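Down below is the structure, laid out as structure tokens.
The values are calculated or read from the model by the stated rules, or taken from the named source; none is laboratory data. Remember, it's a predicted structure, so these values are computed and weren't measured experimentally. In this analysis, Cβ positions are derived from the backbone assuming ideal geometry, glycine residues included, and neighbour counts consider all displayed protein chains. What goes into the accessible areas is simple: the full protein's heavy atoms, side chains included, and nothing from ligands, DNA or RNA. Shrake-Rupley method; radii C 1.70, N 1.55, O 1.52, S 1.80 Å.
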Amino acid sequence: MNDYLLSVLLGIIEGLTEFLPVSSTAHLRIAEALLNISLSDGYWKMYTIVIQLGAILCLLAYFRSRISSLIRSFPGGERGDRTPITHPLGLTIVAFVVTAISAFLLTKVIGKHLESLYIMGGALLIGGIVMWIVDALNTPSETAGPRAVGSRIHTWKMEDMSLGQALWIGACQVLSAVFPGTSRSMSTIAAGQLAGMSRAAALEFSFFLSIPTMVVATCYDLLKSLRGKGVNPIGVSQIDAHGWVVLIIGFVVSFIVAYATVAWFIAWVRHRGFTPFAVYRIVVGVVVLVFATRLAG
């Protein structure tokens, strides 16, 4: 396949799957197998980092007004009852630190699982089942609304989150680093719902938490690649004009597709929930496991 067309295709896959609870890592790995390319190759490994960065930056553009509002209300919050730690921005940093420390301590475990289709397939399948169950449990409360008696949901807005919820979500996000295919989005959204958050609140916090988490992880990996360090590195001097064009195409396509996906996803979830994504995960998980078994055979 032409490199430019391949870049467009991979950019679309990244943009579509990065923030949906379906695992962008697993989908890129599936594309790698189907398209017969090696994303572990130095250049293509860096390419995946670049298109992920494009997807991340779309959040800063999409939520620019919301981010400005939160910065203005820091540290007291909208009602003046928050502290630097319990303000939504503070809780985002708390959850990020929990994830970062845990992921760092589990680095060796993470490395062992990155290339396993069995791990990805199993994570997609199990994650889909968990998401389906959690969303089904919360659906009656979502339908009844904030004023319902005995509701499982007690946090309808991100501004009402507690420190305990942030710590819990940060810890659950580690699963997506240890078991590729789990999906960072799925783990944080399901964790938030289990902790009594509404779909909208859990989804919004998932988006905000992804900004520092993914920016730090992506920039760290990109810096290692450009400096010629790490596994299968590529120094910036090794990239020719053709290579830079391919990178730029992937970056731009990923940004545009991710922006559109985030806008659509937020509107969809508020009215319909996460069940279709759970079913999709289960189906894809089974397909990946069957595919991995045939490859092994």
Checklist entry - With a sphere of radius 14 Å drawn around the Cβ of R272, what net charge do the other residues whose Cβ falls strictly inside it have (Lys, Arg +1; Asp, Glu -1)? => result 0
Item to check | Integer Hz, Karplus 6.51/-1.76/1.60 couplings in order for the stretch 139-147, x for Gly and Pro | outcome: 4, x, 5, 4, 5, 5, x, x, 8
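Take every Cα pair under 8 Å in the chain that's 6+ residues apart, average their separations, divide by the length, and report that relative contact order as a whole percent.
It comes to 36 percent, rounded to a whole number.
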Item to check | Computed [θ] at 222 nm, helices only, for the chain once each DSSP H run of length n ≥ 4 contributes -39500 (n - 2.57) | outcome: -25000 deg cm²/dmol
Checklist entry - Pick from G273, G128, G15: which is most flexible by mean-square fluctuation in a GNM of the chain where alpha carbon atoms under 10 Å apart are linked? => result G273
Checklist entry - Sequence-distant or interchain residues sharing an amide H contact under 5 Å with R152, placed H: which? => result S141
Checklist entry - Can you pull the percent of the stretch 102-208's accessible area that's carbon plus sulfur, 1.4 Å probe, other chains left in place? => result 72 percent
Checklist entry - When the chain is fully extended, how far beyond the present Cα-Cα distance does Y280 get from A260, taking 0.36 nm per residue of separation? => result 5.2 nm
Checklist outcome for this item: F291 and A33 label points (each 7 Å along its Cα→Cβ direction) are spaced in nm at 0.5 nm
Item to check | Accessible area in square angstrom per residue, the chain, 1.4 angstrom probe | outcome: 47 Å²
Item to check | Apportionment of accessible area to carbon and sulfur, the stretch 240-297, percent (1.4 Å) | outcome: 75 percent
Item to check | Protection-proxy order for peptides 190-198, 135-143, each taking the mean of Cβ atoms within 10 Å per residue, highest first | outcome: 190-198, 135-143
Checklist entry - With no solvent and one point on each alpha carbon, what is the Debye value of log10 I(q)/I(0) for the stretch 41-110 at q = 0.12, 0.21 Å⁻¹? => result -0.53, -0.99
Item to check | Potential extension, Y43-H154 segment - 0.36 nm per residue separation minus Cα distance | outcome: 35.2 nm
Next on the checklist: Please give the charge dipole size of the chain, origin at the Cα centre, charges +1 on K and R Cβ atoms and -1 on D and E Cβ atoms. Round to the nearest 20 debye.
Outcome noted: 400 debye
Item to check | Distance-filtered residues of the stretch 142-183 - backbone nitrogen under 18 Å, label point 7 angstrom along W268 Cα→Cβ | outcome: 182-183
Checklist outcome for this item: Taking a crude spin-label model, label points 7 Å out from Cα along the C-beta direction, the S68 to S162 distance in nm is 3.5 nm
Item to check | Among V215, A26, F104 the positive-end extreme of the charge dipole of the chain (Cβ point charges) | outcome: F104
Checklist entry - Per the 1.4 Å probe, what fraction of the accessible area of the stretch 1-101, in percent, lies on carbon and sulfur atoms? => result 64 percent
Item to check | Fluctuation leader among T213, T83, T25 - the chain, Gaussian network, Cα springs under 10 angstrom | outcome: T83
Checklist entry - Of the listed peptides 250-256, 67-73, what is their order by residue-averaged count of other C-beta atoms within 10 Å, with the highest listed first? => result 250-256, 67-73
Checklist entry - Mind checking which of S102, S210, S65 has the largest fluctuation in a GNM of the chain, springs on alpha carbons under 10 Å? => result S65
Checklist entry - How big is the accessible area of R152 in square angstrom, nearest 10, if you roll a 1.4 angstrom probe over the protein chains? => result 100 Å²
